[in-house]
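The values are calculated or read from the model by the stated rules, or taken from the named source; none is laboratory data. Fair warning: this is a prediction, and the values are worked out from it, not measured in the lab. When we count neighbours, we look across all protein chains shown, and the Cβ atoms used for this are built from the backbone with ideal geometry, even at glycine.
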Amino acid sequence: MDKSDYILKYFDGTLSKEELQAFNTLLADDSDFKEEFEFQKELQDTLVLNDREQLKKEIQNWDTTKNKPRFKPWMAAASLLILLGISWLFFSKTQLNSTEDLYASYFEPYRNIVQPIVRGEYKDDIKSKAFKAYEAKDYENAILYFNTILNEERNTTILFYKANTLLQLNKTSEAIKILETNVKNTDTLQDRNLWYLSLAYLKDNNIDASKKTLKQLLSQSKFKSKEAKTLIENLD
């Protein structure tokens with residue numbers, strides 16, 4: 001499937017489970033794809049369109065105000081295909097604020113602050129292997145390494161990163177269980193656990209739980225406070 005087709009099907013709500021996983025991978029790994037996706041979201045917020053001819057004029061006006069071209073050729077083609085091929089419902093608030101859309105907008109795996117990976121330096125311990133796999137987005141192996149560590153000791157920080165990894169593998173229910181337990185039993189990375197728990201609830205389409213967790217986060221910490229406030233507004 002072409003990259004433009006992934007974007008079209010995403011906004012049209014027709015991505016299969018496998019295609020959605022491929023879409024999220026492109027969003028994380030391909031800067032051009034991410035730029036185009038974010039641009040499409042900007043258009044949704046700024047364009048008020050009544051028909052196809054009006055849409056074409058708006059796109060032309062947008063392009064002429066830029067000093068530097070925004071797209072690569074395939075990106076421009078994708079824009080026209082997406083925006084011309086979808087009805088006015090495409091721009092409705094319901095579509096914009098779908099849980100999948102919001103989750104994709106806000107979620108990114110938490111950075112590795114536990115075991116920094118230094119280029120050219122080789123370490124053979126299990127924790128280094130785990131976080132090397134995590135940073136490389138090799139999430140299947142990262143899970144195996146995290147489980148090996150956890151078999152030796154219960155470590156809430158490792159559990160936090162395991163939950164992040166499970167979310168990347170679309171194992172949302174397992175991630176929620178870990179994050180809920182972490183929130184109840186530890187002060188380590190408490191605000192981070194709350195943020196990712198709220199996103200996990202969102203991914204699971206549990207909007208009420210997501211909003212409740214976001215409010216708990218805002219009452220306890222300034223971490224992601226701007227994003228949390230905006231997300232609550234979008235969920236109302």
By residue number, the members of segment 13-29 that are among the charged types (D, E, K, R) and either more than 17 Å from Phe107 (Cβ to Cβ) or surrounded by 14 or more Cβ atoms within 10 Å (Cβ to Cβ) (or both) are Glu18, Glu19
Of all residues in segment 151-169, which are modelled with pLDDT of 95 or more and loosely packed, with under 14 Cβ neighbours inside 10 Å? Asn151
Listed by first then second residue, the pairs whose first member lies in segment 206-232 and is without any contact (Cβ under 8 Å) to a residue 24 or more places away in the chain, whose partner is surrounded by fewer than 17 Cβ atoms within 10 Å (Cβ to Cβ) and small (Gly, Ala, Ser), with beta carbons under 9 Å and at least 6 positions apart or on separate chains, are Leu218/Ser225
From the list Glu140, Glu108, Glu180, exactly one residue is in the same structural domain as Ile207 (by TED's automatic domain parsing), surrounded by fewer than 16 Cβ atoms within 10 Å (Cβ to Cβ) and of a type outside the set (A, V, I, L, M). Which is it? Glu140
